[in-house]
Amino acid sequence: MEKVQKYSMWLWILLMGPVLLFFLLLTLVNIGAFGDLPKVDELLNPKNNLATIVYSGDMKIIGKYYSENRVNVNFRDVDPDVIHALIATEDARFYEHSGVDAKAILRSASGIFTGGSKGGGSTISQQLAKMMFPRENLSKIELVVRKVKEWIIAAKLEKLYTKEEILSLYLNKFDFLNLAVGIKSAAQIYFNRSQDSLKIEQAAMLVGMAKNPAYFNPLRHAERTQQRRNVVLNQMVKYGYLAEEKYDSLKVLPLDLSFHPEDHNEGLATYFREYLRDNFLNAWCKKNINPETGKPYNIYKDGLKVFTTIDSRMQQYAEEAVHEHMTELQKLFSKECLNKRNAPFAWNVNKKEIDDIMMASMKRSDRYRDLKESGLSQEEILKTFFKPSAMRVYSIRGEIDTVLTPYDSIRYYKSFLQTGFMAMEPQTGYVKAWVGGINYKHFKYDHVKVSKRQVGSTFKPFVYALAIQEGLSPCHQVPNVRTCITTETGEDWCPDNSDGPDDKNLGKMITLKKALALSINYVTAWVMKQYGPRAVVNLVHRLGITSDIPEVPSICLGTADISVYEMVGANSTFVNKGTYIQPTFITRIEDKNGRVLEEFIPKIDEVFSEEKAYVMIQLMRGVVDGGTGSRLRFRHKLMNQIAGKTGTTQQNADGWFMGLTPELAAGVWVGGEDRSIHFNSMAEGQGASMALPIWGKFFTKVYADKHLNVSKADFPRPKHLDPNLEIDCSKYDNAISEDAEKENQFDNL
C-alpha cells in the first residue's frame, strides 16, 4: 500500500510538476523577474516608422519619404480576401481565443512527438507581439522566457484592441520585402493595386509570404511562392472562404506580378518631390516639434501627410511634353555635335576654357568629394578620373552599358540639353506642374526653382509694364532707331537689334505692341531710358522676383539670372488682374492622425490696377498673334487668346518662353548645362524653337482632357476700362514682316 502511495505521489509530481513550473515561470515573467514587459502605453502606441505621404491636388499619392515604406490602413480598407486568407492560414480559431490558443499549442507539441507537422502554435496576436517587440540573439532558455513574454503580450493586446484592430495592426506591421512594409505598400508594389481591391489569388500570395518572406520572395522564388499561394488557397477552401471549383481554376494561374518598386528616381514629379523634401520639408521639420517625441518631426518616420497643389494629370502631360520635344531637340543637337571640333562645346570655346569647365565639374562630383574626404591628394584624385570603368549611362533611347573614364562620362553628360517647366493657376498661385529636367535619375539638378539662367527677352514685358503703368498705351509710337543710355560709369550703352541694318522696320515709327511682338531692342532701350534701371528693378521685385538684379541698363534685355519659378509667378500677375500671388506648391501638412499642423497661404501684393494688367495682356498677345510666338498658331493650332514672350540669350545659350491664358500660366527654359554648350544656328537655338514647343504640347494635351475643365475662354475685359484707350494698333502697324519669327539673337549685348 505504501508503495502504491509512493508511486502515486511521484506520478502526481511528474504530471503536475511541469504545470506548476510553467505557472511559476508565467508568474515570474509577468511580475518582471526576467525583465520588464511593455507598458500599456507602449502597447496602445506601438512604435512604427511611418512614411510621409505626398498627395497631389487631385488626391493621388505622388510620392513618399520613408525609412520603412509603411502606410497604415484601417481594417475596413483591407480587401476581405486578405483577412480570410490570413485567418485560414495563420490562425483558424482567431475569433475563439484570447491571444493564446491552447489547442494550437497542444497540436503543435504533439507534432513534435509524433514527427509530423501539425501546424504552428502561434496565434496572429502572438505573431503581432513578436513583430512589435522583435527577438534578438537568444539562448534556448532566453528563447523560452521570450516565448512566454509573447504569450502575455498577446493576451494584453486582446484586452486592449478589438479583433479587427489586431488584424489591421498585423497587416500594417508585416514586412513584405522589396521596400514593401505593410499591406498597402505590398499591394501597390507587387500588383500595382490598392489593398482594398486585390484579387483572391493576389491576396493569397501576400498572405503566403507571412510564413517566411525571404523564402517565399516572389521576385526570386516564383515557383516556390506560387506553391505557397496555393497552400493558402487550399486553407481558404478548408475553412469555407473559397469554393472548391474556384480553387481549381485559381491554383493554375501564374503569379502575374506587376512589380512597381517605389524608387525616388522613378514615378511622377521626381524633381518636385526632391525639391519639396530637401528644400522645404527638412526646414519645416526642424522648426516644428512632434509632441509625441519631444523632438523635431522626422519626415522619414512620423507619417506626415503633405498636401500639394500639383495636378497629377497636368504633371503627366508636362512630363510627356518635355520628353517628346526634348527627345527630338536632342537628336538635332547630337547631330550638330558630330561636326563640332570641341563637342559638345561651341566652336569658339578654347582648350583652356574647356579645361577650366571640366575641372570645376570634376570638383563638384561625388567621386571627387568622397576621395577628398578619404585623404587623397588632388593629383591622386584626378588620376582616378582617367581610369576606364564599366558604367551604365543615360541616352535618349534608354540606359546603355559601356566603358568610359569618369572624365569622359562627365563630358558625355554635358552633351544633353536640359529644361525647366512650370505651370500655375494665376488666381490662386497653385503650382500645377513642375518638371525640373530631362531625367531625374541621371540629372539631379532642378531647373525650375534651384537653377537661375539669363532670361533674355522674356524680361522685356516687365520694362514695358512700367511704361503702361506710367500711362502709355500699347499703340504709343516710338522711333525704331538706335538708343544709347549713359551708365553710372559715364560710358554709353547702345544695344543692337537682331536684324541689324536688314531690319525692314528700321527708322520707322513703331508701336510698343509691335515692338514687343518683334522683340525690338531699340524700343526696349528707349523705354528703359525713360524710367531708368532702378524703377525697373523695384517693379520686378514687387512682381516676386527675389534674384539679384543689378541696376544697369542692360537688364532691359534680360541679362539677369532668374528662375523659371520666379518668371512664371511674375508673369501671372498680369493674368491675376494686377495682383501678384506667390507661387504655392503646398496647401497643408497633417500628422499621422489627420490633425492639421500647418496651412500655407501665399503672399499677395497688388502691383497694377486691373485695367493696367489687362493692357499688358493685350500688349503680350501681339507676340503670339503675329510675333515671335506665332508658332503656337500655325504649328500647334492653339487659336485661343494667349499672351506670351519668347527669349533667347547671346549665342543661343538659353531659350525661353512664357505663355499666359486666363486659367493657366506656364514657362519654359531650355539650354545646356554650361552656357558654352548651345546650337550654332539661330533656327534651332532661339526660344521659339527650343522652349515654345514644350508649352504648345503641354497645352494641347491639357485642352484635350475634358475632365480637367480648362476652357479656352478670352481674357476678361475690365468693366471700367478707359474707352479712349487704344489697344488695337492695326491701323498704325504695317503687316508683320517675313522675318517676324526671328528672335533677338543679341539680347544681352
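The values are calculated or read from the model by the stated rules, or taken from the named source; none is laboratory data. This structure is a prediction, so every number in the text was calculated from the model and none was measured. Virtual Cβ from ideal backbone geometry, glycine too; neighbours counted across all protein chains shown.
Some points to look at:
- Number of positions in the stretch 436-479 that are part of a helix (DSSP H, G or I) and on the phi < 0 side of the Ramachandran plot: 13
Matching residues to (1) touching a Phe, Trp or Tyr at 6+ places or on another chain (Cβ under 9 Å); (2) modelled with pLDDT of 95 or more; (3) closer than 24 Å to E319 by Cβ; (4) buried (at least 17 other Cβ atoms within 10 Å of the Cβ):
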residue: S377; (1), (2), (3), (4): no, no, no, no
residue: S389; (1), (2), (3), (4): no, no, no, no
residue: R392; (1), (2), (3), (4): no, no, yes, no
residue: T419; (1), (2), (3), (4): yes, yes, yes, yes
residue: V431; (1), (2), (3), (4): yes, yes, yes, yes
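- Filtered by the rule that a residue be buried (at least 18 other Cβ atoms within 10 Å of the Cβ) and more than 11 Å from S125 (Cβ to Cβ), the stretch 153-174 gives S168, L171, N172, K173, F174.
- Scan of the stretch 268-298 for residues that are under 14 Å from V54 (Cβ atoms) and touching a helix residue (DSSP H, G or I) at 6+ places or on another chain (Cβ under 6 Å), ordered by number: L268, A269
- Within the set L638, L619, L632, the sole residue that is farther than 18 Å from D733 by Cβ, touching a helix residue (DSSP H, G or I) at 6+ places or on another chain (Cβ under 6 Å) and buried (at least 23 other Cβ atoms within 10 Å of the Cβ) turns out to be L632.
- Per-region count, the stretch 57-75, residues free of Cβ contacts under 8 Å to residues at least 40 places away in the same chain and either of a type in the set (K, R) or part of a strand (DSSP E or B) (or both): 1
- Identity of the residue in the stretch 216-232, free of Cβ contacts under 8 Å to residues at least 60 places away in the same chain and over 34 Å from the mean Cα position of the chain (by Cα), that ends up surrounded by the most Cβ atoms within 10 Å (Cβ to Cβ): R229
- Selected residue [surrounded by fewer than 19 Cβ atoms within 10 Å (Cβ to Cβ) and farther than 30 Å from K697 by Cβ] from G294, G267: G294
- Criterion violated by R397 - all others in (1) among the basic types (K, R); (2) farther than 18 Å from P553 by Cβ; (3) touching a residue at least 12 places away in the same chain (Cβ under 8 Å) satisfied: (3)
- Residues within the stretch 247-260 that are surrounded by 14 or more Cβ atoms within 10 Å (Cβ to Cβ) and farther than 16 Å from L206 by Cβ, tallied: 2
- Residue ID - farthest from Y531 (Cα to Cα), chosen from residues in the stretch 489-498 that are in contact (Cβ under 8 Å) with a residue 12 or more places away in the chain and not in a strand (DSSP E or B): S498
- Of the strands (runs of 3 or more DSSP E) lying entirely inside the stretch 606-709, those containing at least 1 residues that are β-branched (V, I, T) and closer than 30 Å to R313 by Cα are 643-648, 665-671.
Yes/no per residue for (1) under 30 Å from T293 (Cβ atoms); (2) surrounded by fewer than 19 Cβ atoms within 10 Å (Cβ to Cβ); (3) touching a helix residue (DSSP H, G or I) at 6+ places or on another chain (Cβ under 8 Å):
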residue: V552; (1), (2), (3): no, yes, yes
residue: G558; (1), (2), (3): no, no, yes
residue: V564; (1), (2), (3): no, no, no
residue: V568; (1), (2), (3): no, no, no
residue: N576; (1), (2), (3): no, no, yes
residue: D591; (1), (2), (3): yes, yes, no
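- Given (1) surrounded by fewer than 16 Cβ atoms within 10 Å (Cβ to Cβ); (2) within 28 Å of G671 (Cα to Cα), number of the condition R453 does not satisfy: (1)
- Entry remark, the stretch 341-365: residues being outside any helix (DSSP H, G or I) and in contact (Cβ under 8 Å) with a residue 40 or more places away in the chain number 7 in total.
- All of G667, G671, G696, G687 fail the test of being within 17 Å of V623 (Cα to Cα), crowded, with 20+ Cβ neighbours inside 10 Å and touching a Lys or Arg at 6+ places or on another chain (Cβ under 8 Å), apart from G696.
- Scanning the stretch 512-556 for residues that are over 13 Å from P479 (Cβ atoms) and without any contact (Cβ under 8 Å) to a residue 60 or more places away in the chain gives G532, P533, R534, V537, N538, H541, I545, T546, D548, I549, P550, E551.
- Sole exception among (1) out of contact with any Lys or Arg (no Cβ under 9 Å at 6 or more places or on another chain); (2) modelled with pLDDT of 95 or more; (3) not aliphatic (A, V, I, L, M) for Q454, by number: (1)
- Considered as a group, the residues in the stretch 190-215 that are aliphatic (A, V, I, L, M) and under 29 Å from the mean Cα position of the chain (by Cα) include one that is surrounded by the fewest Cβ atoms within 10 Å (Cβ to Cβ), and that residue is L198.
- Matching residues, the stretch 366-403, being assigned to a strand (DSSP E or B) and acidic (D, E): D401
- For Q330: the one exception among (1) without any contact (Cβ under 8 Å) to a residue 24 or more places away in the chain; (2) part of a helix (DSSP H, G or I); (3) of a type in the set (S, T, N, Q): (1)
- Meets criteria (over 21 Å from V455 (Cβ atoms) and surrounded by 14 or more Cβ atoms within 10 Å (Cβ to Cβ)) for K529: no
- The one condition in (1) of a type in the set (D, E, K, R); (2) surrounded by 16 or more Cβ atoms within 10 Å (Cβ to Cβ); (3) touching a Pro at 6+ places or on another chain (Cβ under 8 Å) that E336 fails to fulfil: (3)
- Test: residue in the stretch 320-342 that is in contact with a helix residue (DSSP H, G or I) (Cβ under 7 Å, 6 or more places away or on another chain) and modelled with pLDDT under 95: yes
- All of (1) surrounded by fewer than 14 Cβ atoms within 10 Å (Cβ to Cβ); (2) hydroxyl-bearing (S, T, Y); (3) touching a Pro at 6+ places or on another chain (Cβ under 9 Å) hold for Y522 with one exception: (1).
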